[in-house]
Structures are given as structure tokens and as C-alpha cells.
Amino acid sequence: MVRTHLWFAKDGHEAAQFYVSVVPNSRITNVVNASAGIPDVPEGTPFIVEIELDGHPVTILTAGPTFTLDEAFSFYLSVETQEEVDHYWETLIADGGEPSQCGWLKDRYGVSWQVVPRVLDEIMSRPDAAGVARATQAMLQMRKLEIAPLEAAYAGT
């Protein structure tokens, strides 16, 4: 089995609870509290939290500041509608998250996400290379992805 493993300096259990509340069909599957003697981790606090995000297994380790999260890793959240893009975007950047560009954002725990409408994948595989190039240029100008402007750019309107 392949699973995602994320190292958090702090608040891993809180992040896990947030993620399973945001992504449908998600749950916490296991919590292991820290034993005595783990550097940077108080005894008895959640140390390892295992979750499933819509069936995708993720292990969250809260183990102090030795390693940090960055944009080299992101969760790719594929959605159908603009309303879903808007909902997940706003929910994930709330309370201290940061918008980035091209559909990327960083949540308040420092984890990067891409909130992407499925139509973007479809647009990028359409046969009109000039339309794909226009849609790509439109996407590169966006923070949160917007379906209507992407479709308009592909169409050249």
C-alpha cells in the first residue's frame, strides 16, 4: 500500500480533524499518543494520526520543527462545479491560510492544496492546441480557478 505521510511541527491532530471535516467520505482511522522520551513531543499528546481523505490514506506525524511542509507536496482536490471550487477554496484558506496561484493555496496548517475543477483536465486534453494555450495562459493569471473564464479563453472569446 502507498500512503501519504506528512510531518507537522505542531497541531497535526487538529489538522487531521479539520481535513476529515472538509473532505467528504473522510475519517480518522487511528490515533497514537506519544510515549515518554520523544523529542519535541509532550508525552500523551497525539503523535501519529491516520486518516482517510475520500479513501486516500494519510499519516500525520506531529514531531516538532525538524522538518517543514512546503509546496513541493500538495493535495489535489478535483471538483465538478464552480460552487465547489469556491467552497473548498474559502474553507481551506480560512483562519490563516494563504491563496497562491493556478488553483493552489496553503491551509492554516501549512499544507498545500490544489482546488481544480475537472473541466480543466478536460480542457487541457482537447485537440485545439491554440485553445489549450489560451486556457493555460488564463489559468496562469488566476489564483482561484474560474471555470467560465477558462472555457472562454479556450474558445477564444
>> If you fit an axis through the alpha-carbon atoms of helix 129-140 and take the longest principal axis of the Cα set of the chain, what angle between them do you get, 0 to 90°, nearest 10?
In response: 50 degrees
>> If I compute Rg and Dmax of the Cα atoms in Å from the structure I just sent, which labelled value in (i) 18.2, 63; (ii) 19.1, 69; (iii) 14.5, 42 lines up?
In response: (i)
> Taking K and R as +1 and D and E as -1, what net charge do the other residues with C-beta under 12 Å from the C-beta of E84 add up to?
Replying inline: -2
> Taking a probe of 1.4 Å, how large is the accessible area per residue of the chain, in Å²?
Replying inline: 53 Å²
>> Could you compute how much accessible surface I28 exposes when probed at 1.4 Å, giving the result in Å² to the nearest 10?
In response: 60 Å²
> Rounded to the nearest 10 Å², what accessible area does E52 show when all protein chains are kept and the probe is 1.4 Å?
Replying inline: 60 Å²
>> Would you work out the Kirkwood radius for the stretch 25-100? I mean one over the mean of 1/r across all pairs of different Cα atoms, in Å.
In response: 15.0 Å
>> Can you give the local net charge around P65? Use residues other than it whose beta-carbon is closer than 10 angstrom to its beta-carbon, Lys and Arg +1, Asp and Glu -1.
In response: 0
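Over the chain, what is the percentage of antiparallel beta bridges among all DSSP beta bridges, to the nearest 5? Provide the component values of the computation, followed by the final result.
Details: 17 of 28 bridges.
Bridges in the chain that DSSP calls antiparallel: roughly 60 percent.
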> Relative to the Cα centre, what is the charge dipole magnitude of the chain, using +1 at the beta carbon of each Lys and Arg, -1 at the beta carbon of each Asp and Glu, and rounding to the nearest 20 debye?
Replying inline: 260 debye
> Once the Cβ-Cβ distance between V31 and E84 is put in as r, and R0 is 35 Å, what FRET efficiency do you end up with, to the nearest 0.05?
Replying inline: 0.75
> Hey, any idea what % of the chain's accessible area is carbon plus sulfur with a 1.4 Å probe?
Replying inline: 53 percent
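M1 to D70: FRET efficiency via 1/(1 + (r/R0)^6), r the Cβ-Cβ distance, R0 35 Å, to the nearest 0.05?
0.90
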> Can you give the accessible area of H87, probe radius 1.4 Å, in Å² rounded to 10?
Replying inline: 100 Å²
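Please compute the net charge surrounding P99, taking Lys and Arg as +1 and Asp and Glu as -1 over other residues with Cβ under 14 Å from its Cβ.
Numbers: positive: K106, R108, R143, K144; negative: E71, D86, E90, D95, E98, D107, E146.
Neighbour charge sum, excluding P99 itself: -3.
The values are calculated or read from the model by the stated rules, or taken from the named source; none is laboratory data. This one's a predicted model, so the numbers in the text were calculated from it and none came from an experiment. Here Cβ is always computed from backbone atoms with ideal geometry, including for glycine, and neighbour counts include all displayed protein chains. For the accessible areas, the whole protein counts, side chains as well, though only heavy atoms, and no ligand, DNA or RNA atoms are used. Shrake-Rupley method; radii C 1.70, N 1.55, O 1.52, S 1.80 Å.
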